[in-house]
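Below: one structure, written as structure tokens.
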Amino acid sequence: MEVGTMVFIAIAVFIAGYAIVIYNSLVGLKHAVSQAWANIDVLLKQRHDELPKLVETCKQYMKHERETLEAVMRARAAVASAREAKDVDGVGAAEGMLRLGLGNLFAVAEAYPDLKANESFQHLQSRITGLENSIADRREFYNASVNANNVRIEEFPDLIVARLLSFQPAHLLEFATEEKADVNMAALFN
């Protein structure tokens, strides 16, 4: 076998091996994004299951706050719908509505001392607050996984393998701008 042929074979084997390494790395990143989303999904489901209990507890005390309670339940339904459809952008928008509704609900609850003292309310508020914190942590991890995936499929030479094998960018989980706004306490008590 002549030297030129051996060099060509060695280069072809190296390129094929490198492409396999890139492919395996991209698959790992894709699955890391899926796993990170699954972790968020579990927490969203847990919170979804807790919210009706909180609303029912509040209904017993907050007879005049029907609109606040209904807003929480509408937002809960929107999150569930987007979650089931695996619509990351929809989850982000619905989460903004839900977080705003929960903020309003907890703020309005301050005007009801009997409700604030209720053991069930305290437990549910604590549980939901803990889930909110966990969701925030998992959201950060998910967005980091998405970013790592998206950067890799755009970097050379990975983008060649990514395009040949139809790897797609993932979407960041971003919440609506309403979530970042302060709760208007004056409007809640008028």
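Throughout, read-outs are computed from the coordinates displayed, never taken from laboratory work. Because the structure is predicted, anything quoted here is derived from the model rather than measured. Quick reminder, even Gly has a Cβ in these numbers, built from the backbone with ideal geometry, and neighbours come from all protein chains shown.
Summing Lys and Arg as +1 and Asp and Glu as -1 over all other residues whose Cβ lies under 12 Å from the Cβ of residue 169 gives a net charge of +2. Considering only C-alpha atoms, what is the centroid distance from segment 36-111 to segment 138-164, in Å? Using only Cα atoms to place each centre, the spacing works out to 31 Å.
The alpha carbons of the chain stretch over 90, 27, 23 Å along the principal axes, in descending order.
Count charges around residue 134 for me, please; just the other residues with Cβ under 13 Å from its Cβ, Lys/Arg as +1, Asp/Glu as -1.
Numbers: positive: 45, 47, 127, 138, 139; negative: 41, 50, 132, 137, 140.
Here the charged neighbours net out to 0.
By the rule of a C-alpha distance below 20 Å, with chain neighbours fewer than 8 residues away ignored, the lysines paired with residue 45 are 53, 86.
Go ahead and estimate [θ] at 222 nm for the chain from helices alone: -39,500 (n - 2.57) per DSSP H run with n ≥ 4, summed, over the residue count, rounded to 500.
Values: 7 runs with 150 residues, N = 190.
Rounded to the nearest 500, it is -27500 deg cm²/dmol.
Quick one: net charge of residue 69's neighbours, Cβ under 13 Å, K/R +1, D/E -1? All intermediate terms of the calculation are to be shown ahead of the outcome.
Values: positive: 53, 59, 63, 66, 74, 76; negative: 56, 65, 67, 70.
Taking every other residue near residue 69 into account, the sum is +2.
Computed across segment 13-118, the Kirkwood radius stands at 16.3 Å (inverse of mean 1/r, all Cα pairs).
Using a Förster distance of 45 angstrom, determine the FRET efficiency expected from the C-beta separation of residue 27 and residue 120, and round it to 0.05. Could the numbers behind the result be given before it?
Working: r = 46 Å, r/R0 = 1.03.
The calculated FRET efficiency here is 0.45.
Taken along the Cα-to-beta-carbon direction at a fixed 7 Å, the label points for residue 70 and residue 1 span 7.8 nm. Which parts of segment 146-171 would a label at residue 20 reach, counting a residue when its backbone N lies under 11 Å from a point 7 Å out along Cα-to-Cβ? Zone members listed by number: none at all.
Take the Cβ atoms of residue 59 and residue 151, set R0 to 45 Å, and the FRET efficiency comes out at 0.40.
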